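Just so it is clear, none of the values below were taken in a lab; they were calculated from the coordinates. Please read all numbers here as calculations on a predicted model, not as lab measurements. Neighbour counts run over all protein chains shown; Cβ positions are idealised from the backbone, glycine included.
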Amino acid sequence: MNQKKYKSNKAGLNSCFLNKKNPFDLFKAWMAKAKKTEINDPNALALATVNRKKQPSVRMVLLKGLTNKEFIFYTNLNSKKSNELKSNPKASMCFHWKSIRRQIRIEGSIAKVPGKVADKYYNSRPYGSRIGAWASIQSRPMETRSDLMNRIKEYKKKFPSHKKVPRPPYWSGFALKANEVEFWLDGQNRIHERLRYKRLGSRWVKEILYP
Ligand SMILES: Cc1cc2nc3c(=O)[nH]c(=O)nc-3n(C[C@H](O)[C@H](O)[C@H](O)COP(=O)(O)O)c2cc1C
């Protein structure tokens, strides 16, 4: 469906889709609504990555940054997801807010955020979380839980001042530059509504999709 037709047809679309030129403004509007209704973590999303053997894997992460191009999350750079992103820097994200029965799917390419951006976010985290980033060898097998507790103790000794915990070299953020963003609204009798934005160079093209 072309842009013109979409516009002339917009009266038939649910007003929840609003009439935003780019998906980021609509994303922000939906996130603001979800923040009011979700019982916790409205910024939680399922992140899908694919390894060298084309095996997909998915896990939850938290959205911690949003620009007019990118969705940003933070993690351990030696984790399974990070290793997959190193070999295949593409990912998908999916938000699902049960309280408002809405879904947003995002696809795009991945790049590490600049060190300064990661530092800023890292330094905003509570002391315990910053120590945890040092102590956890994320996604590696662990003999006993006390191994982790001991590592936490060691790093607390190494960095006793709450104000001086540097960001571990193996902890940073990834930014997903969106190529496609799809908004899904629950409808009666499973007749849902879908609106997809596709990036074409510097502009976004909108299409509505069969449910
Ligand atoms: C609601 C929720 C939010 C999470 N947020 C993050 C996050 O922001 N970063 C992260 O590394 N792991 C987060 N996790 C843990 C991941 O789901 C996952 O267990 C971990 O990152 C290891 O994944 P991997 O082995 O695929 O790399 C979160 C888990 C849940 C349930």
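Residues in region 63-102, backbone N under 18 Å from the label point at Thr37 (7 Å along the Cα-to-beta-carbon vector): list them, ranges by number please.
Residues passing the 18 Å test: 95-102.
Working out 0.36 nm times the residue gap between Met142 and Ser109, then minus their Cα-Cα distance, what length gain in nm do you get to one decimal?
Residue separation times 0.36 nm, minus the Cα-Cα distance, leaves 8.7 nm.
Can you compute the helix-only [θ] at 222 nm over the chain? Use -39500 (n - 2.57) per DSSP H run of at least 4 residues, normalise by all residues, nearest 500 deg cm²/dmol.
That comes out to -8500 deg cm²/dmol.
Treat each spin label as a single point 7 Å out from the Cα along the C-beta direction, and report the Ser57 to Asn88 distance in nm.
My value for the distance between the label points is 1.2 nm.
Each residue of region 197-205 in turn: what ³J(HN,Hα) in whole Hz from Karplus with 6.51, -1.76, 1.60 and θ = phi - 60°, glycine and Pro shown as x?
Each residue of region 197-205 in turn: 9, 10, 7, 10, x, 9, 10, 10, 10 Hz.
Would you kindly derive the ³J(HN,Hα) couplings of region 106-117 from the backbone phi angles with the Karplus curve 6.51 cos²θ - 1.76 cosθ + 1.60 (θ = phi - 60°), listing them in order in whole Hz, with x for Gly and Pro?
9, 10, x, 9, 10, 9, 5, 6, x, x, 5, 5
Mind putting a number on the dipole of region 151-197 about its Cα centre? Charges go on the C-beta only, +1 for Lys and Arg and -1 for Asp and Glu, and I need it in Debye to the nearest 20.
780 debye
Quick check for me: using +1 on Lys/Arg Cβ and -1 on Asp/Glu Cβ, what's the dipole size of region 55-191 about its Cα centre, in debye to the nearest 20?
About 560 debye.
For the chain, place one equal point scatterer on every Cα, skip the solvent, and apply the Debye formula. What is log10 of I(q)/I(0) at q = 0.11, 0.13 Å⁻¹?
-0.62, -0.82
If a paramagnetic tag sat 7 Å from the Cα of Lys158 along the Cα-Cβ line, which residues of region 109-141 would have the backbone N under 12 Å from that point?
Counting backbone N atoms under 12 Å from the label point, the list is 131-137.
³J(HN,Hα) across region 182-192 via Karplus (A = 6.51, B = -1.76, C = 1.60, θ = phi - 60°), whole Hz, x for Gly/Pro?
Residue by residue, region 182-192 yields 10, 9, 10, 10, 5, x, 5, 6, 6, 8, 6 Hz.
Could you order peptides 116-129, 137-150 by the average number of other Cβ atoms within 10 Å of their residues, highest first?
116-129, 137-150
Please work out how much length the chain gains when fully extended from His96 to Ala29, using 0.36 nm per residue of separation minus the C-alpha to C-alpha distance, in nm with one decimal.
Full extension of this stretch gives 22.7 nm more.
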